[in-house]
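Each remark here refers to the structure printed beneath this line.
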Amino acid sequence: MITRRDFLKTAAIGGTGLAAMGLVGCSSSDSSSSTTESTSSESSSTESTSSESSSSEETTTSASTNPITDYVDYQTTANEMEEFVIHHSQQAKDLQVLVNMISSLVASDSNGNLVSSIAETWEANDDATVWTFHLRDDVTWVDVNGNEMAQLTAWDFVAGLEWVLNAAKNGAANVSMPEEMLEGAEEYYNLTAEMDTTEAAALAWNNDTFLDTVGITVEDDYTLVYTMKASKPYFDTVCTYACMFPIAPDLVSSMTAEEYLAIGNTTMWYCGPYIMTEYIQGNEKILEANSSWFGLDTNTTFNSVTIKMVDSADVAWTLYQAGEIDRCTLSESILATITEGTEYYDYLCESRPAKYSYQFYFNYHRHDDDGNPDDNWNKAAANEAFRLSWYYGLDLINYYKRTNAVNPLKCENNFFTMKGLVSTSDGKDYTDLVAEGLDLKDYDGENMRRLNPELAEQYKEEAIEELTAQGVTFPVEINYFIPAGNQTSLDSANVLADCFSASLGDDYVTLNIGTYVSSMNQEVRNLKRGGMYGSGWGADYGDPVNFLSQYVVESDNAYYSEYYTLINDFYGEDAAEPYNQELIDTFSEFSEMVWEADAISDDLDARYQGFAEAEIFMLKHGLTIPSYYDITWQLTKSNDYSKANSLYGIYGNYYYVNWETNTDGYTTADYAEFEAAAN
């Protein structure tokens, strides 16, 4: 038996080791809770351009002696699905479920490698400007009752891409990747955006304009060819993201665009491993194995997966103890209770790192509850010294303990891009390039690497002087929102408030904790009410541009610029008056650096260096504040290291295929072995 002292000692050593290794890829809501199930959009080189040696989706894991046949999972109510159209959603809470119901050209295995799915093989030409995918001929669409509705062919990917690129059908959702990469995609999107909305929405999925304009060609029913604008050596990784999934032409043709956007589990068609036979919003959803799924010959699924919706991690803990769910993430207080001595002590398992890089984002154009611009906050957020006082002064260790009380510094994040996404030709992680330009301290096992109290105080004094001259009053109020009634989120938000108080002073900033009832988007974000947001981004594909392009200006495809920071409000014909021209100039320069790096396609090392310089510039100007990585403690009957694990795309820990499980639960020792084997 592992004693509590041995456990904590071993875990602490592991934390130091992982932190040291950190020196050598859709949005996920923070909800002010590191133990709320954070799920939002993995280590892979983008140099490979051929799948000739790719394996199938099958992964090799040791068989459990007591496997689970009907798995019961959970999510918090803050992460309930909002829609069923995989091409339209940009939220992990939707995509992590939908990926179980619709298959794509390629998938990811437990080691983060691309493996075959609907495409059996694929290859690129020498300069990676033309990609060819050879499809299986045994893929079928079924309805919610399992009735076969249609055969899937290469044309279904044409239908999917037309939907994404048609502005009247899909808006601007998920259009950025194909628009930037595929020949003619931008032209078609602009054409539909300029057309009469009704006319554009009525265009058939296979209309001549689309087929003649966009770089997608069907050589035969099972051979699909994509033509790039320029060399895209990572394009196959893009095919794990929602924008490249298929649509059943017969289904989409039978509805108006508005009707299709409103489909639910009973009206959609399925070609993936599961069918959602029950959906009770805010309560539970049931996925049953799709007996017609093409992958059953080489993959394993559960008979069923039930996903229960709960208010908090504390509720999940209660359900786990009662045997009603098969895993639970542990809050700081529950972990402390278990380590004091319970029957679950030997079953404490540290999770595999989630793929999201979490940040604190400034809203540069906040409005108050009456809809008027909040000048006091907006002037402060636009001031670089104010932002840098946070960057160098905000000590988040106690906040990290909400996620990982044993190894809090494992959760420290100092980058915008997720580490492990890509590496240089000599094996150096991309984030190492960023670290070299940030003058980060070495890990000492006790303090955050970027903390510099003296420098933070200098920036604080500078900010107070400059902002007072502009009429700003102190303390500056930070409006921060969490789901109402979620005690775990409230506890974490209170800890965060204490971090601000202890690090920066109550005379300087105050965290105001507000709540929303059912939708952060509808009740807060769309109304511009938040001053600061916590959110994580997971890469859609294997290249740093997918992170950094979410923050450029003058692009309605830049997710964070458009929906969180609102920096785009200060650009364009109807631009708002900027609160600080320096901020606008800084964002413009950063954006230019991103696009200059993106133009480099013939030398990946030079490309990554260019992105690293842009990211260094971003962070040194405090345009975002990196917050944490999601590495939690849990009780679980499933082996994280057997699950799909990719730092890009939508295949991940909630893709219920090829899981190793054990009805008795896994132990600390089991997970130590799994981690050692994976490394």
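The values are calculated or read from the model by the stated rules, or taken from the named source; none is laboratory data. These numbers come from a predicted model, not from an experiment. Every residue, glycine among them, receives a Cβ derived from its backbone with ideal geometry; neighbour counts consider all protein chains shown. Calculation scope for accessible area: heavy atoms of the full protein, side chains included, ligands and nucleic acids excluded. Shrake-Rupley method; radii C 1.70, N 1.55, O 1.52, S 1.80 Å.
A single entry from Asn170, Asn174, Asn166 fulfils the requirement of being on the phi > 0 side of the Ramachandran plot and within 27 Å of the chain's Cα centre (by Cα): Asn174.
Within region 646-659, the residues that satisfy the criterion of being assigned to a loop (DSSP other than H, G, I, E, B) and in contact with a strand residue (DSSP E or B) (Cβ under 7 Å, 6 or more places away or on another chain) are Ser646, Leu647, Gly649, Tyr651, Tyr656, Trp659.
Against the list (1) open to solvent by 10 Å² or more (accessible area, probe 1.4 Å); (2) at pLDDT 95 or above; (3) in contact with a strand residue (DSSP E or B) (Cβ under 6 Å, 6 or more places away or on another chain), the condition Ser423 fails is (2).
The number of residues in region 290-312 that are of a type in the set (D, E, K, R) and part of a helix (DSSP H, G or I) comes to 1.
Only one entry of Val524, Val545 meets the criterion of being touching a Phe, Trp or Tyr at 6+ places or on another chain (Cβ under 6 Å) and on the phi < 0 side of the Ramachandran plot, and that entry is Val524.
Which ones in region 632-666 are under 16 Å from Asn299 (Cα atoms), hydrophobic (A, V, I, L, M, F, W, C) and in contact with a helix residue (DSSP H, G or I) (Cβ under 6 Å, 6 or more places away or on another chain)? Matches in region 632-666: Trp659 only. Restricted to region 605-617, and to residues there that are among the aliphatic types (A, V, I, L, M) and either surrounded by fewer than 24 Cβ atoms within 10 Å (Cβ to Cβ) or in contact with a Gly (Cβ under 8 Å, 6 or more places away or on another chain) (or both), the residue that is nearest to Ala336 (Cα to Cα) is Ile616. All of Val434, Val406 fail the test of being β-branched (Val, Ile, Thr) and either assigned to a loop (DSSP other than H, G, I, E, B) or surrounded by fewer than 21 Cβ atoms within 10 Å (Cβ to Cβ) (or both), apart from Val406.
Table: residues versus (1) closer than 30 Å to Met255 by Cβ; (2) open to solvent by 30 Å² or more (accessible area, probe 1.4 Å); (3) in a strand (DSSP E or B).
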position: Gly282; (1), (2), (3): yes, yes, no
position: Asp314; (1), (2), (3): no, yes, no
position: Ile325; (1), (2), (3): no, no, no
position: Ala354; (1), (2), (3): no, no, no
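If you go through region 124-138 and keep only what is at pLDDT 95 or above and surrounded by fewer than 15 Cβ atoms within 10 Å (Cβ to Cβ), you end up with Asn125, Asp137, Asp138.
Note on region 139-180: residues that are open to solvent by 10 Å² or more (accessible area, probe 1.4 Å), farther than 23 Å from Trp293 by Cβ and outside any loop (DSSP other than H, G, I, E, B) amount to 6.
Looking only at region 106-123, residues that are assigned to a loop (DSSP other than H, G, I, E, B) and either among the small types (Gly, Ala, Ser) or crowded, with 23+ Cβ neighbours inside 10 Å (or both) come to 5 in all.
Looking only at region 327-352, residues that are part of a loop (DSSP other than H, G, I, E, B) and of a type in the set (Gly, Ala, Ser) come to 3 in all.
Among residues of region 618-636 being part of a loop (DSSP other than H, G, I, E, B) and hydrophobic (A, V, I, L, M, F, W, C), the one that is surrounded by the most Cβ atoms within 10 Å (Cβ to Cβ) is Leu623. Scanning region 589-602 for residues that are within 25 Å of the chain's Cα centre (by Cα), at pLDDT 95 or above and either under 21 Å from Ala381 (Cβ atoms) or crowded, with 18+ Cβ neighbours inside 10 Å (or both) returns Phe590, Ser591, Met593, Val594, Ala597. Entry remark, region 67-88: residues being open to solvent by 10 Å² or more (accessible area, probe 1.4 Å) and in a loop (DSSP other than H, G, I, E, B) number 8 in total.
The set of residues from region 515-561 being out of contact with any Lys or Arg (no Cβ under 8 Å at 6 or more places or on another chain) and among the aromatic types (Phe, Trp, Tyr) comprises Tyr516, Trp537, Tyr541, Phe547, Tyr551, Tyr559, Tyr560.
For region 506-527, filtering for residues that are out of contact with any Pro (no Cβ under 8 Å at 6 or more places or on another chain), open to solvent by less than 40 Å² (accessible area, probe 1.4 Å) and either farther than 22 Å from Tyr356 by Cβ or not in a loop (DSSP other than H, G, I, E, B) (or both) leaves 5.
Of the helices (runs of 4 or more DSSP H) lying entirely inside region 200-261, those carrying at least 3 residues that are open to solvent by less than 60 Å² (accessible area, probe 1.4 Å) and over 17 Å from Ala167 (Cβ atoms) are 235-238. Figure legend. Inter-residue proximity from region 199-227: first residues within 18 Å of Ala185 (Cβ to Cβ), second residues of a type in the set (A, V, I, L, M, F, W, C) and assigned to a loop (DSSP other than H, G, I, E, B), beta-carbon distance below 6 Å, spacing 6+ or different chains. Indicated pairs: Val218/Ala154; Leu224/Ala154.
Restricting to region 259-282, name every residue that is within 20 Å of Met309 (Cα to Cα) and not hydroxyl-bearing (Ser, Thr, Tyr).
Listed by number, the residues that qualify are Gly264, Asn265, Ile275, Met276, Glu278, Ile280, Gln281, Gly282.
Of everything in region 528-540, what is outside any strand (DSSP E or B) and either in contact with an Asp or Glu (Cβ under 6 Å, 6 or more places away or on another chain) or open to solvent by 10 Å² or more (accessible area, probe 1.4 Å) (or both)? Give them in sequence order. Scanning region 528-540 gives Lys528, Arg529. So which of Asn653, Asn639, Asn658, Asn645 is within 27 Å of Leu98 (Cβ to Cβ) and surrounded by fewer than 21 Cβ atoms within 10 Å (Cβ to Cβ)? Testing whether each residue is within 27 Å of Leu98 (Cβ to Cβ) and surrounded by fewer than 21 Cβ atoms within 10 Å (Cβ to Cβ) leaves just Asn653. Residue count for region 450-484 satisfying the condition of being buried (at least 19 other Cβ atoms within 10 Å of the Cβ), assigned to a loop (DSSP other than H, G, I, E, B) and in contact with a strand residue (DSSP E or B) (Cβ under 9 Å, 6 or more places away or on another chain): 1. Of all the numbered requirements in (1) within 26 Å of the chain's Cα centre (by Cα); (2) open to solvent by less than 40 Å² (accessible area, probe 1.4 Å), Tyr188 misses one, and that requirement is (1). Kindly list the number of the only condition in (1) part of a loop (DSSP other than H, G, I, E, B); (2) farther than 28 Å from Tyr430 by Cα that fails for Thr318. Condition (1) is where Thr318 drops out.
Restricting Asp585, Asp605, Asp569 to those that are touching a Ser or Thr at 6+ places or on another chain (Cβ under 6 Å), in a helix (DSSP H, G or I), charged (D, E, K, R) and at pLDDT 95 or above reduces the list to Asp605. Any chance region 368-378 includes a residue that's surrounded by 20 or more Cβ atoms within 10 Å (Cβ to Cβ) and not in a loop (DSSP other than H, G, I, E, B)? The answer is yes; a qualifying residue exists.
If you filter region 262-280 down to residues that are of a type in the set (Ser, Thr, Tyr) and within 19 Å of Asp70 (Cα to Cα), you find that the one that is surrounded by the fewest Cβ atoms within 10 Å (Cβ to Cβ) is Thr277.
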